[in-house]
Amino acid sequence: MAVGERSGREEPEGRQEVAVDDAKDGPGDGGGVDDGDGGDGAAEGTGRKQRSFWKELPLLIGIALILALLIKTFLVQAFSIPSDSMQNTLQRGDRVLVDKLTPWFGSEPARGEVVVFHDPDNWLAGEPVPEPNAVQKFLSFIGLMPSAEEKDLIKRVIGVGGDTVTCDKGGPVKVNGKALDEPYIYPGNTPCDDKPFSVTVPKGKIWVMGDHRQNSYDSRYHMEDGSKTHGFVPNGKVVGRAVVVAWPVTRWATLPIPDTFDQPGLAAAMGAAPVGLGVAGALPLVLWRRRRLTQVRTGG
């Protein structure tokens, strides 16, 4: 009974404390009356956030498209393999990513690289070009899809400016007298039995060949076809180096330079030229300095 009486006396006191607290809060505070307003405010805040997101969405899409276009133009672009000329390294329908950044810094194609280049001089004359729809055109424009309209080719660089590249029937391809070990050639193919050759690559150009040698209309087949290039591809026509097979996922792989292009002496003809020029340029400076020192000592 004492507990009951005690509880009875404390209950009104509890209500009174709540009322006092509510009164102290005032209409501007977060009390019981203003909780409802706070809830409305939260709802309004949520509504404002949603409207803000939808307003910003077009801007975000625009920025993403601009970035994609810049990446395609200056960094990386996707290309589709249209033929079997690079088997088994690349299969028809593969998607490769091409590095377009390094050429902007003066980098030139190197031996052994797989490169994409624009048609030098009607190498693809008569080849059918598929007509893409509007969506494909847009996606290819921003770099999210390979271009179906551009006439580009993909081959392996065998020789660069100044190189002598030869291949006799039954023999290997030789660069500056060094035989290449070419494990990337399509099984059953020969290095050049279908089209032997001997060329010296002009400065600023490259000599390219497909890995599927007996199914590739590469530099060999354009030496005497009336083309102004005579089989050589100007460096300015090179889009960039193919660095990775990105699609399909089951064929993901990098495209490194084969070890045979790193063998000693392969670039001896090119490597000696800069050294010789450096010595020739430094010799007058050394002689002038020695003369000055002699004069100073004599005058002293």
Considering residues that are touching a Pro at 6+ places or on another chain (Cβ under 8 Å) and open to solvent by less than 60 Å² (accessible area, probe 1.4 Å), the number found within segment 152-181 is 9
Any chance segment 192-199 includes a residue that's closer than 27 Å to Val76 by Cβ and not hydrophobic (A, V, I, L, M, F, W, C)? no
Counting only residues in segment 99-113 that are at pLDDT below 85 and not small (Gly, Ala, Ser), the one farthest from the chain's Cα centre (by Cα) is identified as Phe105
Over segment 174-204, the set of residues part of a strand (DSSP E or B) and in contact with a Ser or Thr (Cβ under 8 Å, 6 or more places away or on another chain) is Lys174, Val175, Phe197, Ser198, Val199, Thr200
I need every pair where a residue in segment 202-225 that is on the phi > 0 side of the Ramachandran plot has its Cβ under 8 Å from the Cβ of a residue that is assigned to a loop (DSSP other than H, G, I, E, B), sequence separation at least 6 or different chains. Gly204/Gly161
For segment 222-261: of the residues being among the small types (Gly, Ala, Ser) and in a loop (DSSP other than H, G, I, E, B), which is surrounded by the fewest Cβ atoms within 10 Å (Cβ to Cβ)? Gly226
Return the pair list, or none, for Cβ contacts closer than 7 Å from residues in segment 182-194 that are of a type in the set (D, E, K, R) to residues that are in a loop (DSSP other than H, G, I, E, B) and buried (at least 17 other Cβ atoms within 10 Å of the Cβ), at least 6 apart or on different chains. Glu182/Pro191
Hey, can you tell me all the residues within segment 214-259 that are closer than 23 Å to Thr164 by Cα and of a type in the set (Phe, Trp, Tyr)? Tyr217, Tyr221, Phe232
Complete set of residues in segment 182-214 that are under 14 Å from Arg156 (Cβ atoms), out of contact with any Phe, Trp or Tyr (no Cβ under 7 Å at 6 or more places or on another chain) and either of a type in the set (Phe, Trp, Tyr) or open to solvent by 10 Å² or more (accessible area, probe 1.4 Å) (or both): Glu182, Pro183, Tyr184, Ile185, Tyr186, Asn189, Pro191
Any residue at all in segment 199-207 that's among the charged types (D, E, K, R), over 20 Å from Asn122 (Cβ atoms) and touching a helix residue (DSSP H, G or I) at 6+ places or on another chain (Cβ under 8 Å)? no
Tell me which residues, restricted to segment 114-163, are in a loop (DSSP other than H, G, I, E, B), among the small types (Gly, Ala, Ser) and modelled with pLDDT of 75 or more. Gly161, Gly162
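The values are calculated or read from the model by the stated rules, or taken from the named source; none is laboratory data. For clarity, every value in this text was computed on a predicted model and none was experimentally measured. Cβ sites come from the backbone with ideal geometry, for glycine too, and all protein chains shown count toward neighbours. All accessible areas refer to the heavy atoms of the entire protein, side chains included, with ligands and DNA or RNA removed. Shrake-Rupley method; radii C 1.70, N 1.55, O 1.52, S 1.80 Å.
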